[in-house]
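S.K.: Supplied in structure tokens, the structure appears directly below.
The values are calculated or read from the model by the stated rules, or taken from the named source; none is laboratory data. Model, not experiment: these values are computed from the prediction. Cβ: placed from backbone, ideal geometry, glycine included. Neighbour counts: every protein chain shown. Calculation scope for accessible area: heavy atoms of the full protein, side chains included, ligands and nucleic acids excluded. Shrake-Rupley method; radii C 1.70, N 1.55, O 1.52, S 1.80 Å.
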Amino acid sequence: HWPAPHPTGTHPQIVRAMVNLTGISRGELVDPFCGAGGTLIEAGLMGFTPIGYDIQPELIAKAVKNLQGFKIRNFLLAKKDALTLNNAKYLVADLPYGRNTPPKGLELLYAKFLARLKQVLKGKAVLGFPSSINYKQLIKKLRLKIIGEYDYYINERLTKKIVVISP
């Protein structure tokens, strides 16, 4: 029941679980692929300060509308490329996996994002990967640590892998 819905949003209970898996108890939670703001809404409802970035201005506008619709006031949103992320202690991202992006393009995006994350992550990140991606190889190559892995079945063509990582 969002004011500005988006068809690819992750179920709120899954997002809440992803936020909890970071171990955050207070402070800021970053989503560098925020889309229409699903993760930010849950983080705000849980009492954290949501910070979201997306490269699509129309999605940032939807996120603002959604956060305001849920009466979340203390948030930061900006049009920004996830590959230019600065510091993050706690981060949750359902990584993009759209049908219009070829798998090789996704692997390259994920590899670049994980390389940036390796430089800026101070705590834990919880990432949602499509099961078609060899995320373990990408993470291992960068010497990030996998703390936990969980499956989230979406439909017969897609299962997400929820992965908890630390530097």
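S.K.: Given 0.36 nm per residue, what is the gain on full extension from residue 156 to residue 81 after removing their alpha carbon distance, in nm?
M.R.: Numbers: separation 75, 0.36 × 75 = 27.00 nm, distance 3.11 nm.
Working it through step by step, the gained length comes to 23.9 nm.
S.K.: Sticking with this structure for a sec: Points 7 angstrom from Cα along the Cβ direction at residue 25 and residue 133: gap in nanometres?
M.R.: 3.2
S.K.: Under 12 Å from the Cβ of residue 84, count the other residues' Cβ atoms, weight Lys and Arg +1, Asp and Glu -1, and hand me the total. All intermediate terms of the calculation are to be shown ahead of the outcome.
M.R.: Numbers: positive: 79, 80, 112, 116; negative: 81.
Overall, the nearby charge balance is +3.
S.K.: Oh, and also: Normalised by the number of residues in the chain, what is the relative contact order in percent for Cα pairs under 8 Å and 6+ residues apart?
M.R.: Details: 320 pairs, mean separation 33.5, N = 167.
Reported as a whole number, the value is 20 percent.
S.K.: Got a sec? What order do 49, 39 fall in by accessible area at 1.4 Å, biggest, i.e. largest, first?
M.R.: 49, 39
S.K.: While we're here: Can you pull out the trypsin sites (Lys or Arg not before Pro) in segment 138-167 that DSSP calls coil and that have at most 13 other Cβ atoms within 10 Å?
M.R.: Passing sites in segment 138-167 are 143, 157.
S.K.: On to the next question. Averaged per residue, what accessible surface does segment 71-160 expose to a 1.4 Å probe, in Å²?
M.R.: I get 63 Å² per residue for this part.
S.K.: If all Cα-Cα distances of the chain are sorted into 5 Å bins from 0 onward, what percent lands in each bin, rounded to whole numbers?
M.R.: 1, 9, 19, 23, 23, 16, 7, 1, 0
S.K.: Is there a pair in 89/145; 112/140; 62/122; 80/112; 80/141 whose C-alpha atoms are over 19 Å apart, and which pairs would that be?
M.R.: In this structure, 62/122; 80/141 lie more than 19 Å apart at Cα.
S.K.: Put +1 on the Cβ of each Lys and Arg and -1 on the Cβ of each Asp and Glu in the chain; which of 148, 95, 33 then has its Cα farthest toward the positive end of the dipole?
M.R.: Highest projection toward the positive end goes to 148.
S.K.: Right, here's the next one. Can you pull the Kirkwood radius for segment 92-161, inverse mean 1/r over Cα pairs, to one decimal in Å?
M.R.: After inverting the pairwise mean of 1/r, the radius is 12.7 Å.
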